[in-house]
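Below is one structure, written out as structure tokens; comments come after it.
The values are calculated or read from the model by the stated rules, or taken from the named source; none is laboratory data. In this text, all values refer to a predicted model and were calculated from it rather than measured experimentally. Positions of Cβ are generated from backbone atoms using ideal geometry, with glycine treated the same way; all protein chains shown enter the neighbour counts.
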Amino acid sequence: MTPHFNRRTALQAAAMGAAALGAATLLIPLTAHAQANYPDKPVKFVVPYPPGGGTDVVARIVQARLQAALGQSVLIDNKGGAGGSLGTDVVAKSAPDGYTVLFTLSSHTINPAIFPKLSYDTLKDFEPVGLVASLPQILVAYPGLPVRNVADVVAQAKAAPDKFSFASVGNGSPGHLAGELMKLRTGTQMTHIPYRGGGPAVTDVMGGQVPLLWVSIPAAAQFVKAGKLKALAVSTVKRSAAFPDVPTMQEAGVSDFEVDSWYAMLVPAKTPKAIIDKLNKALNTALAEPAVRAQLLEQGAEAVGGTPEALGKVIAAELPKWAKLAKDANIRAD
């Protein structure tokens, strides 16, 4: 039996097909136009930590120069919690249009090692834009704590197992890793107290609620200089230019100790390369400014910059590195 031919239905289908084809054809030049004119509205930088912490401090140092380089406002949106993973998840689920940028630190490569399940994929859900700065973590103490150096801390911690504690900006932060590595290398037992960012952690350690804190130098620098925190050591193999009198952990007698940290910009996966390149160029322009480099150095951070590919290589190399340390030290999110 020959199917009934409905001319009207056929015409409607043809019209719909033509409309769809026309829309698809228009989409290409519109997308290209949007990329060419990017950015034509403010760009939001999601900082996955509260105000006052190291990530926030560094973001605000480069903010003004990035605005000038992009020709648009850069708005900082602090979304702290869960070691930075809450704010990171927000960016992972954002539109890949370059208007939502993740401004984070190296906990980005640590979290997969210590959290049993993240709501995003560290590699697949993001595109790297560029490294911003690198710096050590610093071990600081409540000024009233009767310790002069790391050896004193180790002695007290061994004398009072499970009664000594250290704070960090959250689970999965470089400070968390530094504290756990310190426990592993010194054979001590200390309780990790995770905070939602450097600002709250610094406040409580200055007040004596927690005796020790591993944190990025920008979050602690002004308080160390004011005598409100006692600096004991830095986590890198070289001393910090901001605090040349503070020894490294290896100089303080803790062998095989190194935790470096970095700040970087990333965008959601599938963000067009043309937009990533514009963001990267703006970042490198900002970091080339002597005033920005000097401000970062004041905070103990060294400007880095470079290509998106360079950041991608750092991330790919660190994921297995931190996974091994987490396994060796039995580090898990508290």
| query | Which one of these is farther than 30 Å from ALA36 by Cα and in the same structural domain as GLY52 (by TED's automatic domain parsing): LYS324, LYS273? | reply | LYS324
| request: Can you run down the residue pairs with Cβ atoms below 8 Å, 6 or more apart or on separate chains, where the first is in the stretch 277-299 and not assigned by TED's automatic domain parsing to the domain that holds PRO96 and of a type in the set (Val, Ile, Thr) and the partner is surrounded by 16 or more Cβ atoms within 10 Å (Cβ to Cβ) and assigned to a helix (DSSP H, G or I)? | output: none
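Table: residues versus (1) within 30 Å of LYS225 (Cα to Cα); (2) touching a helix residue (DSSP H, G or I) at 6+ places or on another chain (Cβ under 9 Å).
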{"position": "TYR263", "(1), (2)": "yes, yes"}
{"position": "THR285", "(1), (2)": "no, yes"}
{"position": "GLN295", "(1), (2)": "yes, yes"}
{"position": "ALA301", "(1), (2)": "yes, yes"}
{"position": "VAL304", "(1), (2)": "yes, yes"}
{"position": "GLY312", "(1), (2)": "no, no"}
{"position": "ASN330", "(1), (2)": "no, yes"}
{"position": "ALA333", "(1), (2)": "no, yes"}
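For the stretch 208-222, give me each residue that is surrounded by fewer than 18 Cβ atoms within 10 Å (Cβ to Cβ) and either free of Cβ contacts under 8 Å to residues at least 60 places away in the same chain or part of a helix (DSSP H, G or I) (or both). Don't jump to the end; show me each part of the working.
First, the residues of the stretch 208-222 that are surrounded by fewer than 18 Cβ atoms within 10 Å (Cβ to Cβ): 208-209, 222.
Once the filter is applied, which keeps residues that are surrounded by fewer than 18 Cβ atoms within 10 Å (Cβ to Cβ) and either free of Cβ contacts under 8 Å to residues at least 60 places away in the same chain or part of a helix (DSSP H, G or I) (or both), the stretch 208-222 yields GLN209, GLN222.
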| said: Of everything in the stretch 300-324, what is hydrophobic (A, V, I, L, M, F, W, C) and in contact (Cβ under 8 Å) with a residue 12 or more places away in the chain? Give them in sequence order. | reply: ALA301, ALA303, VAL304, ALA310, LEU311, VAL314, ILE315, ALA316, LEU319, TRP322, ALA323
| message | Residues to consider are GLY187, GLY175; find the one that is crowded, with 24+ Cβ neighbours inside 10 Å and outside the structural domain of ASN78 (by TED's automatic domain parsing). | response | GLY175
| query | Taking GLN67 and the conditions (1) in a helix (DSSP H, G or I); (2) surrounded by 21 or more Cβ atoms within 10 Å (Cβ to Cβ); (3) of a type outside the set (Gly, Ala, Ser), which numbered condition does it fall short on, given that it satisfies the others? | reply | (2)
| remark: Sole miss for GLY144 among (1) surrounded by fewer than 17 Cβ atoms within 10 Å (Cβ to Cβ); (2) over 26 Å from GLY207 (Cα atoms) is condition (2)
| task | Determine which single condition VAL129 fails, assuming it passes every other condition in (1) in contact (Cβ under 8 Å) with a residue 40 or more places away in the chain; (2) within 15 Å of VAL215 (Cα to Cα). | result | (2)
| query | What about LEU325, is it closer than 28 Å to ILE114 by Cα, aliphatic (A, V, I, L, M) and under 16 Å from the mean Cα position of the chain (by Cα)? | reply | no
| message | Criterion first (within 20 Å of the chain's Cα centre (by Cα) and at negative phi) does ALA252 satisfy it? | response | no
| query | ILE114 fails exactly one of the following numbered conditions: (1) surrounded by 19 or more Cβ atoms within 10 Å (Cβ to Cβ); (2) without any contact (Cβ under 8 Å) to a residue 12 or more places away in the chain. What is the number of that condition? | reply | (2)
